[in-house]
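Only the coordinates and a few stated rules stand behind these numbers; no lab work does. As the structure is a computational prediction, the values presented were derived from the model and not from experiment. All Cβ positions, glycine included, derive from the backbone under ideal geometry; neighbour counts span all protein chains shown.
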Amino acid sequence: MLPYLKLIKLDNLIIIALAQLCIKYGLFEPFGIAITLNGFGIALLIIATLSIAAAGNIIIEIYDYEGSIEKSLINGAVTEKSANRLFIIFNVIGVLIGFYLANMIGRSGFAALFIITSGIFYIYASYLKEILVLKNVIIGLLTALSLLVVGIFDLLPAITAKNRESQTVIFSIILDYSIFAFIIIVLREIIKDCISIDKDHNLGIRTIPIVLGKDRTIKLIGSLGILPIAAVIYYIYSYLFSNTNAVLIVLALIVAPLLYFMIRSFSAETNKQLKQLSLILKIILIISSISLLFYQFILK
């Protein structure tokens, strides 16, 4: 069972589900925002999103297995046939639920989001992951979309002339969090490329570490660490500046870990240290998601 859970990257899926739940019950419910989905609807949306993401993780592993000399599919515990079967099953589940949800809210065109996302994962695994920089950006964009989809399905269909302003404010918060998640995920993907530099070299994949060198890329990661810090500082200045407690909490729980990540990045050398940096970013993502639950106490 464990190899299959690793195959779909269950830990990453849990973070996505957590973020979606925090958006729903941290931003929508407490403020009485006009919504489209009830508890059952949001559960279906989460299942559809996670199914497509799981299928994407599987197809990436399949292509890595086919092109690798070392082989893998989680150390040989999962057959390629089983992985392909799971890829199809998860895709079918995700697309069918997405189609059902889109029709349930009267926006049948929204079903295309799941079909397109599934297609992007497939194209990424078979082709896009070999394109420098784009391979990192695509995963970041897909992660950001997994957050935006909650606003797209739950908020947009409920917008009217009277509530447009309040709906727009909430959607802008989701967008800001999606942009932050995008930056964090791109940094994590570059770190992963540093860790798998030898494997990628054997596969003939051009990654940033292979082009710039591992040491330079690690320094680049440290430099890019200023981006999420700047984004959070801007967010504090724009939305939270008048609330001292909120500012202190964000500085302590998000900005401080980001600064620590940035400092550690410049001295990282081993894969163990790089994995620690990746873990720090994952923890920051989790904290950022949970922080959505506190908006009801900050903005009211």
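What does the charge add up to near F90, with Lys and Arg as +1, Asp and Glu as -1, over the other residues with Cβ less than 13 Å from its Cβ?
Working: positive: K9, R85; negative: E61.
After counting each charged neighbour, the total is +1.
In the chain, excluding the sites themselves, the longest stretch lacking any of the GluC sites (Glu not before Pro) that are in a DSSP loop with at most 16 other Cβ atoms within 10 Å is 71-268.
Please work out the FRET efficiency for the pair Y234 and S108, using the Cβ-Cβ distance as r and a Förster radius of 30 Å; give the result to the nearest 0.05. With a Förster radius of 30 Å, E is 0.20.
The lysines within cross-link reach of K162, meaning a Cα-to-Cα straight distance under 30 Å and a gap of 8 or more places when in the same chain, are K24, K300. Over all directions, the projected convex hull of the C-alpha atoms in segment 2-298 averages 15.4 nm² in area. Using R0 = 41 Å, the C-beta based FRET efficiency linking I123 and S242 works out to 0.35. Listed by number, the DSSP H helices of the chain that run 18 Å or longer by alpha-carbon position along their axis and have mean Kyte hydropathy of at least -0.5 are 10-23, 39-67, 80-104, 112-126, 134-154, 164-195, 271-291. In terms of distances greater than 26 angstrom between alpha carbons, the cross-link table entries K129/K214; K6/K272; K81/K275 yield K81/K275.
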